[in-house]
Structures are given as structure tokens and as C-alpha cells.
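So the structure is just underneath, and the comments pick up after that.
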């Protein structure tokens, strides 16, 4: 593959970069600092070291960007996305110099949770740095988890896969399962749960703290792994770089399962997803359901060339933040638009129909009631539908008040 692919895992705490084909990952603390008299920026440990002198340190860049916040550095106010752009520019420069390679062609950024605003801001940062928007992709850590696991040998994911991720402040648990026989392709589902808030890894600095941490993880492990069959367990977080301290926890997770520790897992998963984007033909053959993806197909019954068929608006597995559609139709002989919402697994949920009345439209003769319909998703569970009168040439001008915006909850 000729494309240079970069996977990035970006969070408030740290940022990890993995290039496809390289064996080493680079990790930086998500920090920036700037010199007082010139536009020289420092990132990661360099920024921290500089902050011990006269420079001001700014951290939590992802949250600052998401909240549209600002920070003042050396008397100048910066927006969060400006600081994030400087940080991304510097770490990519450092990675290019480290591997003596060209700049990446395809970049996938993994973040803890996908939301449309922060996704767009991250993509804007890369566009401002000179990258093509079509080659920048933002995914959730859940999706990175899926692509990492599905890039490994099948014996890793024959049954459930569990992932314990210990950040600087929380313990997170992810679980992956593969469903076969529900369609032409397997369905891979990953879910995330924030198990324990306020967990500080510095607790491991004392023998008493080590025992408390081991007890917490052991209790969590027993609860989430009970009555399930797992092929493998993955451990992510700097506290798992050495696991002898977690004797009881390891005894729980190692029962009849393979256990792996991979500190760069989310960046590696993003990198594998980048390979998928850069490949003419996808090397992956499954439907992905996780944070950032729709779990149901939304369709609308339409008549095309005298034949009625369900026309998909968005399919299960699509990214909800890009699954928008817009079209013009003739609403002839109908009083509503009937949106069908079909879950991927009909054994757990039944298909439901959401009707949106067209009573607000002006009455017109047959074949002359044209409407414009637009759909966008606020999140994986909420679709916004906009319907407005499109008129019919000079015969029936567009009705200015014939306009409706409706919020549709896919599932209660």
C-alpha cells in the first residue's frame, strides 16, 4: 500500500501516534507551551519542562476545544482549537522527523466519545494544517477497539473480548462480541462503560494504595466477566505496563482466557481503520456497531417506476454524524411520511414506524405536491427531519409557511 497512514489516539491526558508499518508508537502528554518573545511552541514533556521556567502550560486541550474555551498564553488569548492545532502540528512534525518519512496521506483520530461539534473542530484543525478533509477521519475509541481486535488472529475474538482501560482519572470497560448469521456480513458490536470515577493511578506509589487499586480492579473484574465466555482480555493504561502489583485482579482475568497488554491499542486501531480508508478494496468484511455508529436502519417507503420499495435513508453501521440526506419527491395521495426504523437484531427490538403528518402542506391536484425532505442526525438515537413545500413551477409557487422541522427519536 503506497499511502502513508497515521493513527492517532487523542485525549486530554495523552496522545499516541502510530504509523502503519512502523513498530514503534510515539506518546505525548497533551500539553502546549509557547515562548514569550517568538512563536516557538513546545508540546508534551518539552512543554512541561518549559513550564517549570517562565512559560505558561496549557493542558486539557480536547475539553478546551469541545467547550469553545480560551486560554491566555504570554498575554495573548487563544481559542481551544487554535491550541489544539499547534499541538497536532508539532507532534506530527516530531513523528515525521523521528521516522525520517513523509507526511501522512490518511489520518484517523480516535477520541473517547464522538460528538459532531468536536469532530468537526478536529477535522478543521487538520484542514488548516494543509490536509484534505476527505482524508481526515474521526472515530471513537470503541471503533478503534473493534478494528484493532478484528485485525488480529481469529482466536482472539472467537468469543467475547473484554478491555480494561485505566486512564489517569477513571476505569473504563469495553466489551466486544461478534454476531454471525444475522446478515450477509458478521456484525461486530462494542460497548463502553465508565466503571469507576475518581481513580488516580498515583495511588500505586504506596503499598497501601496498591492493595486498594488491586481490590477495586478485582471487584470490577469479577462483576463484568461473570457468566460470560471470553476468548481474550486486553489491558490498556500505563499502570498495566507492569502487572505484578495486581496479583488478585490478574488471577481473575487470566482464568481460561488469554490476556494481552497493549498501551498503544487505540492508536493502532485507528491506524488499521486508516488502512481500510486508504485501500481500494476494504480488507474488513463486517458491520461495525459502536459509539459513533447507527444501530438501526432508517428507511422510507417510496414508489419508483410504479414499484414500491423501502428506500434506505441511513443504514445500521453508518456514521451518524455523516449520515445526512436530501431529496425532492412528490407526496401524492399520502397524508404522512412513514419512516421505518429497523434494528439490526429483530430478536431484541421490533421494527417501528414513525409517522410525520403532511397536513401543514397546501392542498394541490394530483402529481403537483412536491416537497423537499432533509434528514440529519444529532446523535445515534435522534434524527432531525426537515420538510418544506417545493412548489410546482409558476403554477403553484412555494408556500412560505409550509415548513416543518421534526425531531424523531429512533428508540425511547
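The values are calculated or read from the model by the stated rules, or taken from the named source; none is laboratory data. Computed from a predicted structure; not experimentally measured. With ideal geometry, Cβ positions are generated from the backbone for all residues, glycine too; neighbour counts draw on all protein chains shown.
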Report summary line: Scanning region 369-393 for residues that are assigned to a loop (DSSP other than H, G, I, E, B) and either surrounded by fewer than 15 Cβ atoms within 10 Å (Cβ to Cβ) or in contact with a helix residue (DSSP H, G or I) (Cβ under 7 Å, 6 or more places away or on another chain) (or both) gives 393
Requested in this report: Determine whether region 278-298 contains at least one residue that is in contact (Cβ under 8 Å) with a residue 24 or more places away in the chain, in contact with a helix residue (DSSP H, G or I) (Cβ under 7 Å, 6 or more places away or on another chain) and in a helix (DSSP H, G or I).
Outcome: no
Query raised in the report: Would region 275-295 turn up any residue that is surrounded by 15 or more Cβ atoms within 10 Å (Cβ to Cβ) and over 20 Å from the mean Cα position of the chain (by Cα)?
Result: no
Query raised in the report: Residues of region 236-260 being under 28 Å from the mean Cα position of the chain (by Cα) and under 19 Å from residue 169 (Cα atoms), which ones?
Result: 236, 237, 238, 239, 240, 241
**Report entry** Residue among 109, 139, 91, 122 that is under 22 Å from residue 33 (Cα atoms), under 13 Å from the mean Cα position of the chain (by Cα) and surrounded by 19 or more Cβ atoms within 10 Å (Cβ to Cβ)
**Finding:** 122
Query raised in the report: Which is within 35 Å of the chain's Cα centre (by Cα) and closer than 18 Å to residue 356 by Cα, of 315, 328?
Result: 328
Query raised in the report: Out of (1) touching a strand residue (DSSP E or B) at 6+ places or on another chain (Cβ under 6 Å); (2) outside any helix (DSSP H, G or I); (3) more than 21 Å from residue 138 (Cβ to Cβ); (4) at pLDDT below 95, what's the single condition that is false for residue 37?
Result: (1)
Query raised in the report: Checking residue 94 against (1) in the same structural domain as residue 69 (by TED's automatic domain parsing); (2) touching a helix residue (DSSP H, G or I) at 6+ places or on another chain (Cβ under 6 Å), which single condition isn't satisfied?
Result: (2)
Query raised in the report: Right, residue 142: within 15 Å of residue 268 (Cα to Cα) and part of a loop (DSSP other than H, G, I, E, B) or not?
Result: no
**Report entry** Selected residue (criterion: farthest from residue 157 (Cα to Cα)) from residues of region 178-223 that are within 23 Å of the chain's Cα centre (by Cα) and surrounded by fewer than 19 Cβ atoms within 10 Å (Cβ to Cβ)
**Finding:** 197
Query - Odd one out for residue 90 among (1) at pLDDT 95 or above; (2) closer than 30 Å to residue 195 by Cβ - result: (2)
Requested in this report: Can you confirm whether region 123-134 contains a residue that is in contact with a strand residue (DSSP E or B) (Cβ under 9 Å, 6 or more places away or on another chain), without any contact (Cβ under 8 Å) to a residue 60 or more places away in the chain, more than 14 Å from residue 174 (Cβ to Cβ) and not in a helix (DSSP H, G or I)?
Outcome: yes
Requested in this report: Residues being under 28 Å from residue 178 (Cβ atoms) and outside any strand (DSSP E or B): count how many of those fall in region 336-368.
Outcome: 8
Query raised in the report: Of all residues in region 155-183, which are out of contact with any strand residue (DSSP E or B) (no Cβ under 9 Å at 6 or more places or on another chain) and assigned to a helix (DSSP H, G or I)?
Result: none
Query raised in the report: If you scan region 202-234, which residues turn out to be free of Cβ contacts under 8 Å to residues at least 24 places away in the same chain and either assigned to a loop (DSSP other than H, G, I, E, B) or at positive phi (or both)?
Result: 206, 226, 227
Report summary line: Exactly one of 258, 208 is farther than 30 Å from residue 342 by Cα, in contact with a strand residue (DSSP E or B) (Cβ under 6 Å, 6 or more places away or on another chain) and in the same structural domain as residue 174 (by TED's automatic domain parsing), and that residue is 258
Requested in this report: Determine whether residue 214 is modelled with pLDDT of 95 or more, outside the structural domain of residue 157 (by TED's automatic domain parsing) and either closer than 30 Å to residue 92 by Cα or out of contact with any strand residue (DSSP E or B) (no Cβ under 7 Å at 6 or more places or on another chain) (or both).
Outcome: no
Report summary line: Scanning region 239-255 for residues that are in a helix (DSSP H, G or I) and out of contact with any strand residue (DSSP E or B) (no Cβ under 8 Å at 6 or more places or on another chain), the one nearest to residue 205 (Cα to Cα) turns out to be 247
